[in-house]
Amino acid sequence: MSSTPPIYIGVLGLAYDGKGKFLLTQRNQPEDTEVHLKWQIAGGGMEYGETPEQTLAREMQEELSVSVRILSPQPIAKTSVWDLKDRSYHITLLTYVVSLDNQTPKIGDPETHAFKWMTPNEIATLDSLPLTREIVEEALVILENKF
């Protein structure tokens, strides 16, 4: 009997600056060339007993040393199966569009190589993790309807 690949829930915070740019981070994971230096939305895995909002707060503090204000209470939900060279897993991403309210991010996590504020057009050209571009596109729709 084969084992079922794991299922992960990731909670992400897509920071928006109010002027058309989003904050992405660049992954630092040299031992895994399939994800190393790819651009991604900040966040991480939900831990046992956490709510999505608690995961969001913890991950944004760990990765970027910031607290966030959620701009839209409904997260963008995306699910995918990621097949890598030596493993496969099912991931569900819950992404909140957030504001940093004039805080300056600082890299606080060894898994983060860099961060940068970028326009959606810049993001579209990046080497990024799966679903990143689709989430940014959906965030634009949410922001256009909200503001």
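Tell me which residues, restricted to segment 36-54, are in contact with an Asp or Glu (Cβ under 7 Å, 6 or more places away or on another chain) and of a type in the set (Phe, Trp, Tyr).
Of everything in segment 36-54, just one residue is in contact with an Asp or Glu (Cβ under 7 Å, 6 or more places away or on another chain) and of a type in the set (Phe, Trp, Tyr), namely Trp39.
If you check Thr95 against the conditions, is it modelled with pLDDT of 95 or more and in a loop (DSSP other than H, G, I, E, B)?
No; evaluated as a whole, the condition is false for this residue.
Within segment 83-102, can you find the residues that are without any contact (Cβ under 8 Å) to a residue 12 or more places away in the chain and not charged (D, E, K, R)?
Within segment 83-102, just Asn102 meets the criteria.
Can you tell me how many residues within segment 115-147 are among the small types (Gly, Ala, Ser) and out of contact with any Phe, Trp or Tyr (no Cβ under 9 Å at 6 or more places or on another chain)?
Qualifying residue count, segment 115-147: 1.
Just checking: which of the strands (runs of 3 or more DSSP E) contained wholly in segment 1-82 hold 1 or more residues that are without any contact (Cβ under 8 Å) to a residue 60 or more places away in the chain and surrounded by fewer than 16 Cβ atoms within 10 Å (Cβ to Cβ)?
It comes to 43-45.
Would you point out which residue out of Ile142, Ile123 is within 15 Å of Trp39 (Cβ to Cβ) and either out of contact with any Leu (no Cβ under 7 Å at 6 or more places or on another chain) or assigned to a helix (DSSP H, G or I) (or both)?
The unique qualifying residue is Ile123.
Could you check segment 103-129 and list, in sequence order, the residues that are over 16 Å from Glu59 (Cα atoms), surrounded by 14 or more Cβ atoms within 10 Å (Cβ to Cβ) and touching a residue at least 24 places away in the same chain (Cβ under 8 Å)?
Lys116, Trp117, Met118, Pro120, Ile123, Leu126, Ser128, Leu129
Out of (1) touching a strand residue (DSSP E or B) at 6+ places or on another chain (Cβ under 8 Å); (2) modelled with pLDDT of 95 or more; (3) not polar (S, T, N, Q), the odd one out for Ala57 is which?
(1)
The values are calculated or read from the model by the stated rules, or taken from the named source; none is laboratory data. Fair warning: this is a prediction, and the values are worked out from it, not measured in the lab. We place every Cβ from the backbone using ideal geometry, glycine too, and count neighbours over all the protein chains shown.
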